[in-house]
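Each remark here refers to the structure printed beneath this line.
The values are calculated or read from the model by the stated rules, or taken from the named source; none is laboratory data. This one's a predicted model, so the numbers in the text were calculated from it and none came from an experiment. Just the protein is used for accessible areas: all its heavy atoms, side chains included, with ligands, DNA and RNA removed. Shrake-Rupley method; radii C 1.70, N 1.55, O 1.52, S 1.80 Å.
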Amino acid sequence: AQVAQKFSTSLVPRAKTAREGPCVMSTLQGQPLHASFGPTQSQFGSTSNSLVGCRVKRQEALQRAELVEECLAWLAQEVESRGINSSMMPNRDLKRFSMYFAGREMFPKDVFMEALKLDKKEVVNGRAFYFSNELLGSRDTLVMAYEPLSKGFMKLRLTGAIANSTTAMSSRSATITQPPSKQRLEHFLGRWADFENRWLSEKENHAVEALMPLVNSILALEPLKASQAKEAVLPYPRVQHQRAVTLKCLEGFMKAYGELATAVLSSLKRELHHDARLLVLASFCFHKAGSECNGDQNRESLAKVPVFFDNTDLSTYVFKLAGAAPAEGGEVKGVGIAAELLRAFDEVCNVIMSFKTHLEECNPSLEDHTMLVEAISDFEKSYRRAKKKFLEPDNLV
(Lines give C-alpha, C1' and ligand atoms only; values in the text may rest on other atoms or scores of the structure.)
Protein backbone atom coordinates (compact mmCIF):
# COMPACT_ATOMS: atom_id res chain seq x y z
CA ALA A 1 0.00 0.00 0.00
CA GLN A 2 2.86 2.40 0.80
CA VAL A 3 4.58 1.64 -2.52
CA ALA A 4 1.34 2.23 -4.42
CA GLN A 5 0.80 5.53 -2.62
CA LYS A 6 4.34 6.74 -3.47
CA PHE A 7 3.89 5.71 -7.09
CA SER A 8 0.56 7.55 -7.37
CA THR A 9 1.91 10.73 -5.84
CA SER A 10 4.89 10.73 -8.22
CA LEU A 11 2.53 10.97 -11.18
CA VAL A 12 0.88 14.16 -9.89
CA PRO A 13 2.32 17.28 -11.59
CA ARG A 14 4.36 19.38 -9.17
CA ALA A 15 4.23 23.12 -9.00
CA LYS A 16 7.35 25.08 -9.86
CA THR A 17 9.50 25.79 -6.82
CA ALA A 18 11.71 28.79 -6.27
CA ARG A 19 14.91 26.76 -6.71
CA GLU A 20 13.96 25.23 -10.06
CA GLY A 21 14.40 26.63 -13.50
CA PRO A 22 11.56 27.33 -15.93
CA CYS A 23 12.00 23.93 -17.61
CA VAL A 24 10.29 21.98 -14.79
CA MET A 25 6.91 23.54 -15.58
CA SER A 26 4.65 20.79 -16.90
CA THR A 27 3.10 21.04 -20.34
CA LEU A 28 -0.13 19.83 -18.74
CA GLN A 29 -0.56 23.36 -17.40
CA GLY A 30 -0.34 24.82 -20.89
CA GLN A 31 3.18 26.22 -20.53
CA PRO A 32 5.86 25.43 -23.14
CA LEU A 33 9.16 23.80 -22.25
CA HIS A 34 12.23 26.03 -22.29
CA ALA A 35 15.75 25.22 -23.41
CA SER A 36 17.43 25.78 -20.03
CA PHE A 37 17.31 22.85 -17.67
CA GLY A 38 17.81 22.89 -13.92
CA PRO A 39 19.03 25.83 -11.83
CA THR A 40 20.47 28.80 -13.65
CA GLN A 41 23.72 30.57 -12.91
CA SER A 42 21.95 33.58 -11.41
CA GLN A 43 20.21 31.37 -8.86
CA PHE A 44 23.21 29.41 -7.65
CA GLY A 45 26.29 31.26 -8.94
CA SER A 46 28.51 28.16 -8.78
CA THR A 47 27.56 26.12 -11.84
CA SER A 48 29.86 25.11 -14.65
CA ASN A 49 28.86 28.28 -16.53
CA SER A 50 30.79 30.33 -13.96
CA LEU A 51 34.00 28.49 -14.88
CA VAL A 52 33.39 29.19 -18.55
CA GLY A 53 32.79 32.84 -17.75
CA CYS A 54 36.00 33.06 -15.76
CA ARG A 55 37.93 31.52 -18.62
CA VAL A 56 36.55 34.14 -20.96
CA LYS A 57 37.46 36.89 -18.52
CA ARG A 58 41.01 35.60 -18.28
CA GLN A 59 41.34 35.62 -22.06
CA GLU A 60 40.00 39.16 -22.23
CA ALA A 61 42.47 40.30 -19.58
CA LEU A 62 45.32 38.71 -21.51
CA GLN A 63 44.30 40.64 -24.61
CA ARG A 64 44.51 43.87 -22.60
CA ALA A 65 47.85 42.97 -21.06
CA GLU A 66 49.27 46.45 -21.73
CA LEU A 67 46.73 47.97 -19.31
CA VAL A 68 47.17 45.39 -16.54
CA GLU A 69 50.33 46.94 -15.12
CA GLU A 70 48.78 50.40 -15.03
CA CYS A 71 45.60 49.12 -13.41
CA LEU A 72 47.50 47.16 -10.75
CA ALA A 73 49.65 50.19 -9.94
CA TRP A 74 46.48 52.26 -9.54
CA LEU A 75 44.96 49.66 -7.22
CA ALA A 76 48.13 49.52 -5.12
CA GLN A 77 48.09 53.29 -4.73
CA GLU A 78 44.43 53.19 -3.76
CA VAL A 79 45.11 50.54 -1.10
CA GLU A 80 47.90 52.63 0.38
CA SER A 81 45.94 55.90 0.26
CA ARG A 82 42.93 54.31 2.01
CA GLY A 83 45.13 52.94 4.79
CA ILE A 84 44.08 49.33 4.15
CA ASN A 85 46.12 46.78 6.09
CA SER A 86 48.30 44.81 3.66
CA SER A 87 50.06 42.64 6.26
CA MET A 88 48.22 39.59 4.91
CA MET A 89 50.53 39.46 1.90
CA PRO A 90 52.64 36.24 1.91
CA ASN A 91 56.38 35.95 2.37
CA ARG A 92 58.25 36.83 -0.81
CA ASP A 93 61.73 35.75 0.24
CA LEU A 94 61.86 32.64 -1.96
CA LYS A 95 65.00 33.00 -4.04
CA ARG A 96 63.64 30.83 -6.83
CA PHE A 97 60.87 33.33 -7.60
CA SER A 98 62.69 36.56 -6.78
CA MET A 99 62.39 37.74 -10.41
CA TYR A 100 58.63 38.19 -9.95
CA PHE A 101 59.15 40.65 -7.08
CA ALA A 102 62.23 42.51 -8.27
CA GLY A 103 60.27 45.78 -8.57
CA ARG A 104 58.82 45.48 -5.03
CA GLU A 105 55.30 46.28 -6.23
CA MET A 106 52.31 45.37 -4.10
CA PHE A 107 50.62 43.71 -7.07
CA PRO A 108 53.35 42.53 -9.51
CA LYS A 109 52.20 42.30 -13.09
CA ASP A 110 54.10 39.07 -13.78
CA VAL A 111 52.31 37.27 -10.94
CA PHE A 112 48.92 38.31 -12.26
CA MET A 113 49.86 37.28 -15.78
CA GLU A 114 50.85 33.86 -14.43
CA ALA A 115 47.42 33.67 -12.77
CA LEU A 116 45.71 34.45 -16.07
CA LYS A 117 47.72 31.79 -17.91
CA LEU A 118 47.55 29.19 -15.13
CA ASP A 119 46.33 25.80 -16.37
CA LYS A 120 45.46 22.61 -14.54
CA LYS A 121 49.02 21.33 -14.86
CA GLU A 122 52.54 22.33 -15.80
CA VAL A 123 55.15 20.17 -17.52
CA VAL A 124 58.69 20.30 -16.10
CA ASN A 125 61.46 17.96 -17.29
CA GLY A 126 58.94 15.88 -19.19
CA ARG A 127 56.74 15.31 -16.13
CA ALA A 128 53.25 16.66 -15.55
CA PHE A 129 52.64 18.37 -12.20
CA TYR A 130 48.98 19.10 -11.42
CA PHE A 131 47.78 22.09 -9.45
CA SER A 132 45.24 21.63 -6.68
CA ASN A 133 41.59 22.54 -7.02
CA GLU A 134 42.06 25.05 -4.20
CA LEU A 135 44.62 26.96 -6.25
CA LEU A 136 42.46 26.93 -9.38
CA GLY A 137 39.50 28.16 -7.34
CA SER A 138 41.64 30.91 -5.82
CA ARG A 139 42.71 31.93 -9.33
CA ASP A 140 39.09 32.22 -10.43
CA THR A 141 38.07 34.29 -7.41
CA LEU A 142 41.03 36.61 -8.00
CA VAL A 143 40.03 37.16 -11.62
CA MET A 144 36.39 37.75 -10.64
CA ALA A 145 37.48 40.28 -8.01
CA TYR A 146 39.73 42.04 -10.53
CA GLU A 147 37.11 42.38 -13.27
CA PRO A 148 34.85 45.12 -11.72
CA LEU A 149 37.89 47.09 -10.60
CA SER A 150 39.42 46.95 -14.07
CA LYS A 151 36.15 48.08 -15.64
CA GLY A 152 35.99 51.01 -13.26
CA PHE A 153 39.59 51.84 -14.08
CA MET A 154 38.83 51.80 -17.81
CA LYS A 155 35.84 54.09 -17.39
CA LEU A 156 37.84 56.59 -15.35
CA ARG A 157 40.64 56.39 -17.88
CA LEU A 158 38.32 57.03 -20.81
CA THR A 159 36.61 59.96 -19.09
CA GLY A 160 39.96 61.58 -18.37
CA ALA A 161 39.77 61.14 -14.62
CA ILE A 162 43.03 59.17 -14.82
CA ALA A 163 45.84 60.68 -16.85
CA ASN A 164 47.56 58.51 -19.40
CA SER A 165 51.00 60.06 -19.05
CA THR A 166 53.51 58.65 -16.62
CA THR A 167 54.16 62.08 -15.10
CA ALA A 168 50.59 62.30 -13.87
CA MET A 169 50.60 58.83 -12.35
CA SER A 170 51.78 60.18 -9.00
CA SER A 171 48.79 62.53 -8.71
CA ARG A 172 46.33 59.85 -9.77
CA SER A 173 44.50 59.64 -6.45
CA ALA A 174 43.74 63.35 -6.54
CA THR A 175 42.23 63.26 -10.02
CA ILE A 176 39.91 60.29 -9.50
CA THR A 177 36.34 61.37 -9.17
CA GLN A 178 34.77 57.99 -8.45
CA PRO A 179 37.25 55.78 -6.59
CA PRO A 180 36.39 52.14 -5.87
CA SER A 181 34.85 51.25 -2.55
CA LYS A 182 37.05 50.21 0.35
CA GLN A 183 35.20 46.91 0.61
CA ARG A 184 36.09 45.95 -2.96
CA LEU A 185 39.71 46.88 -2.42
CA GLU A 186 39.91 44.77 0.72
CA HIS A 187 38.26 41.86 -1.10
CA PHE A 188 40.72 42.11 -3.99
CA LEU A 189 43.67 42.34 -1.59
CA GLY A 190 42.52 39.23 0.24
CA ARG A 191 41.97 37.28 -2.98
CA TRP A 192 45.42 38.31 -4.22
CA ALA A 193 47.15 37.25 -0.98
CA ASP A 194 45.35 33.90 -0.99
CA PHE A 195 46.27 33.14 -4.59
CA GLU A 196 49.88 34.25 -4.26
CA ASN A 197 50.38 32.17 -1.14
CA ARG A 198 48.95 29.02 -2.70
CA TRP A 199 50.68 29.59 -6.03
CA LEU A 200 54.15 30.10 -4.52
CA SER A 201 53.72 27.08 -2.26
CA GLU A 202 52.68 24.70 -5.04
CA LYS A 203 55.24 26.06 -7.51
CA GLU A 204 57.96 25.49 -4.92
CA ASN A 205 56.74 21.95 -4.30
CA HIS A 206 56.77 21.23 -8.03
CA ALA A 207 60.26 22.69 -8.36
CA VAL A 208 61.63 20.58 -5.50
CA GLU A 209 60.13 17.42 -6.96
CA ALA A 210 61.39 18.24 -10.45
CA LEU A 211 64.92 18.77 -9.11
CA MET A 212 65.03 15.45 -7.27
CA PRO A 213 67.04 13.67 -10.04
CA LEU A 214 69.72 16.35 -9.72
CA VAL A 215 69.62 16.26 -5.92
CA ASN A 216 69.87 12.46 -5.86
CA SER A 217 72.89 12.63 -8.17
CA ILE A 218 74.61 15.08 -5.83
CA LEU A 219 73.82 12.92 -2.81
CA ALA A 220 75.17 9.84 -4.58
CA LEU A 221 78.32 11.60 -5.81
CA GLU A 222 79.42 12.89 -2.41
CA PRO A 223 80.09 9.45 -0.83
CA LEU A 224 81.91 8.39 -4.00
CA LYS A 225 84.29 11.33 -3.67
CA ALA A 226 84.72 10.66 0.05
CA SER A 227 85.50 6.98 -0.51
CA GLN A 228 88.08 7.77 -3.17
CA ALA A 229 89.73 10.25 -0.80
CA LYS A 230 89.93 7.59 1.94
CA GLU A 231 91.73 5.19 -0.38
CA ALA A 232 94.65 7.60 -0.59
CA VAL A 233 95.30 7.49 3.18
CA LEU A 234 94.28 3.98 4.26
CA PRO A 235 96.98 1.30 4.58
CA TYR A 236 96.89 -2.19 3.17
CA PRO A 237 94.76 -4.33 3.59
CA ARG A 238 92.08 -1.84 4.70
CA VAL A 239 92.36 -0.11 1.36
CA GLN A 240 91.11 -3.26 -0.38
CA HIS A 241 87.84 -3.08 1.53
CA GLN A 242 87.56 0.63 0.80
CA ARG A 243 87.91 -0.06 -2.93
CA ALA A 244 84.93 -2.40 -2.74
CA VAL A 245 83.01 0.42 -1.04
CA THR A 246 84.06 2.74 -3.86
CA LEU A 247 82.60 0.33 -6.41
CA LYS A 248 79.27 0.28 -4.54
CA CYS A 249 79.23 4.08 -4.41
CA LEU A 250 80.00 4.23 -8.13
CA GLU A 251 77.13 1.87 -8.90
CA GLY A 252 74.76 4.01 -6.82
CA PHE A 253 75.88 7.18 -8.58
CA MET A 254 75.47 5.67 -12.04
CA LYS A 255 71.91 4.68 -11.14
CA ALA A 256 71.14 8.22 -9.93
CA TYR A 257 72.84 9.67 -13.00
CA GLY A 258 70.63 7.53 -15.25
CA GLU A 259 67.54 9.18 -13.74
CA LEU A 260 69.11 12.60 -14.27
CA ALA A 261 69.91 11.82 -17.91
CA THR A 262 66.32 10.68 -18.39
CA ALA A 263 65.07 14.09 -17.23
CA VAL A 264 67.45 15.97 -19.55
CA LEU A 265 67.81 13.93 -22.76
CA SER A 266 65.47 11.86 -24.86
CA SER A 267 65.78 8.09 -24.99
CA LEU A 268 67.40 8.29 -28.44
CA LYS A 269 70.32 10.37 -27.14
CA ARG A 270 71.22 8.42 -24.00
CA GLU A 271 71.92 4.93 -22.76
CA LEU A 272 69.11 3.11 -21.01
CA HIS A 273 71.48 1.44 -18.54
CA HIS A 274 74.86 2.69 -17.35
CA ASP A 275 77.23 -0.04 -16.20
CA ALA A 276 79.70 1.16 -13.56
CA ARG A 277 82.17 -1.56 -14.59
CA LEU A 278 82.82 0.28 -17.85
CA LEU A 279 84.39 3.20 -15.96
CA VAL A 280 86.49 0.78 -13.91
CA LEU A 281 87.62 -1.00 -17.07
CA ALA A 282 88.48 2.30 -18.78
CA SER A 283 90.49 3.42 -15.74
CA PHE A 284 92.35 0.11 -15.57
CA CYS A 285 93.13 0.15 -19.29
CA PHE A 286 94.24 3.77 -19.09
CA HIS A 287 96.48 3.03 -16.09
CA LYS A 288 98.00 -0.17 -17.47
CA ALA A 289 98.86 1.48 -20.78
CA GLY A 290 101.37 3.64 -18.94
CA SER A 291 99.44 6.87 -19.41
CA GLU A 292 99.94 9.43 -16.68
CA CYS A 293 96.98 10.21 -14.51
CA ASN A 294 98.40 13.67 -13.69
CA GLY A 295 98.03 12.98 -9.98
CA ASP A 296 94.33 12.21 -10.27
CA GLN A 297 93.67 9.85 -7.38
CA ASN A 298 90.13 9.19 -8.62
CA ARG A 299 91.34 7.50 -11.80
CA GLU A 300 94.01 5.58 -9.93
CA SER A 301 91.51 4.30 -7.37
CA LEU A 302 89.05 3.19 -10.05
CA ALA A 303 91.84 1.34 -11.81
CA LYS A 304 92.42 -0.80 -8.71
CA VAL A 305 88.79 -1.63 -7.91
CA PRO A 306 88.27 -5.44 -7.90
CA VAL A 307 85.60 -6.26 -10.49
CA PHE A 308 84.88 -9.32 -12.62
CA PHE A 309 83.49 -9.73 -16.15
CA ASP A 310 81.83 -13.12 -16.60
CA ASN A 311 84.01 -14.73 -13.88
CA THR A 312 87.11 -13.17 -15.47
CA ASP A 313 89.25 -10.78 -13.47
CA LEU A 314 90.00 -7.31 -14.76
CA SER A 315 93.60 -7.85 -15.89
CA THR A 316 92.73 -10.98 -17.86
CA TYR A 317 89.76 -9.27 -19.50
CA VAL A 318 91.88 -6.29 -20.58
CA PHE A 319 94.59 -8.58 -21.95
CA LYS A 320 92.04 -10.46 -24.03
CA LEU A 321 90.49 -7.22 -25.17
CA ALA A 322 93.56 -5.17 -26.03
CA GLY A 323 95.97 -7.98 -26.75
CA ALA A 324 99.67 -7.45 -27.28
CA ALA A 325 99.32 -5.58 -30.57
CA PRO A 326 99.75 -1.87 -29.91
CA ALA A 327 98.23 0.79 -32.05
CA GLU A 328 100.13 3.61 -33.74
CA GLY A 329 102.53 5.38 -31.41
CA GLY A 330 103.00 2.31 -29.22
CA GLU A 331 99.72 2.73 -27.32
CA VAL A 332 97.41 -0.10 -26.43
CA LYS A 333 94.22 -0.16 -28.43
CA GLY A 334 91.31 1.66 -26.80
CA VAL A 335 93.37 3.97 -24.58
CA GLY A 336 92.14 7.06 -26.42
CA ILE A 337 88.51 6.01 -26.00
CA ALA A 338 89.12 5.25 -22.32
CA ALA A 339 90.75 8.63 -21.76
CA GLU A 340 87.84 10.42 -23.46
CA LEU A 341 85.31 8.56 -21.31
CA LEU A 342 87.16 9.42 -18.09
CA ARG A 343 87.47 13.07 -19.11
CA ALA A 344 83.73 13.29 -19.85
CA PHE A 345 82.95 11.55 -16.54
CA ASP A 346 85.04 14.05 -14.58
CA GLU A 347 83.37 16.93 -16.39
CA VAL A 348 79.82 15.75 -15.72
CA CYS A 349 80.69 15.17 -12.04
CA ASN A 350 82.06 18.71 -11.71
CA VAL A 351 79.00 20.23 -13.35
CA ILE A 352 76.63 18.26 -11.11
CA MET A 353 78.48 19.31 -7.97
CA SER A 354 78.39 22.96 -9.06
CA PHE A 355 74.62 23.02 -8.47
CA LYS A 356 75.03 22.13 -4.79
CA THR A 357 75.54 25.71 -3.61
CA HIS A 358 72.50 27.27 -5.31
CA LEU A 359 69.78 24.62 -5.34
CA GLU A 360 67.34 26.99 -3.60
CA GLU A 361 67.40 29.38 -6.55
CA CYS A 362 67.99 26.87 -9.32
CA ASN A 363 65.62 26.79 -12.27
CA PRO A 364 63.72 23.47 -12.03
CA SER A 365 63.72 23.08 -15.81
CA LEU A 366 66.98 21.18 -16.24
CA GLU A 367 66.82 21.50 -20.02
CA ASP A 368 67.50 25.23 -19.66
CA HIS A 369 70.92 24.67 -18.05
CA THR A 370 73.24 24.65 -21.03
CA MET A 371 76.34 23.45 -19.19
CA LEU A 372 74.50 20.48 -17.70
CA VAL A 373 72.96 19.45 -21.01
CA GLU A 374 76.29 19.71 -22.83
CA ALA A 375 78.15 17.75 -20.15
CA ILE A 376 75.58 14.95 -20.10
CA SER A 377 75.44 14.80 -23.90
CA ASP A 378 79.24 14.62 -24.11
CA PHE A 379 79.38 11.83 -21.53
CA GLU A 380 76.64 9.85 -23.27
CA LYS A 381 78.52 9.98 -26.56
CA SER A 382 81.77 8.91 -24.91
CA TYR A 383 79.99 6.16 -22.98
CA ARG A 384 78.42 4.79 -26.14
CA ARG A 385 81.78 4.63 -27.94
CA ALA A 386 83.49 3.01 -24.96
CA LYS A 387 80.68 0.51 -24.53
CA LYS A 388 80.98 -0.54 -28.13
CA LYS A 389 84.74 -0.93 -27.72
CA PHE A 390 84.97 -2.63 -24.32
CA LEU A 391 81.68 -4.33 -23.48
CA GLU A 392 80.45 -5.81 -26.75
CA PRO A 393 80.57 -9.66 -26.58
CA ASP A 394 82.24 -10.07 -29.97
CA ASN A 395 85.28 -8.04 -28.87
CA LEU A 396 86.72 -11.09 -27.13
CA VAL A 397 86.38 -13.40 -30.15
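Keeping all protein chains in place and using 1.4 angstrom, which order do Leu62, Leu250, Leu158 fall into by accessible surface area, from largest down?
Most to least solvent-accessible, the answer reads Leu158, Leu62, Leu250.
Translational diffusion coefficient, Stokes-Einstein: compute it for the range 49-148 using the Kirkwood radius over C-alpha pairs as Rh, at 10 °C and 1.306 mPa s, and state it as an integer in µm² s⁻¹.
Details: Rh = 15.2 Å.
In µm²/s, the coefficient is 105.
Say the cut-off is 23 Å between C-alpha atoms; which of Lys288/Lys387; Lys255/Lys356; Lys255/Lys388; Lys203/Lys381 go over it?
Beyond 23 Å: Lys203/Lys381.
Which whole-number value in Å² is the accessible area per residue of the range 173-235, probe 1.4 Å?
That works out to 48 Å² per residue.
Spelling out what I want: for every residue of the range 256-263, take phi, set θ = phi - 60°, compute 6.51 cos²θ - 1.76 cosθ + 1.60 (Karplus), and round to whole Hz; glycine and proline get x.
Each residue of the range 256-263 in turn: 5, 5, x, 5, 5, 5, 5, 6 Hz.
Taking a probe of 1.4 Å, how large is the accessible area per residue of the range 332-383, in Å²?
Result: 45 Å² per residue.
Rank these by accessible area, largest first, 1.4 Å probe: Arg82, Arg96.
Largest accessible area first, the list is Arg82, Arg96.
For the range 231-269 and the range 50-114, write down the distance between their C-alpha centroids in whole Å.
Rounded to whole Å, the Cα centres lie 48 Å apart.
Counting only protein heavy atoms, what percent of the accessible surface of the range 51-142 is carbon or sulfur at a 1.4 Å probe?
That fraction is 47 percent.
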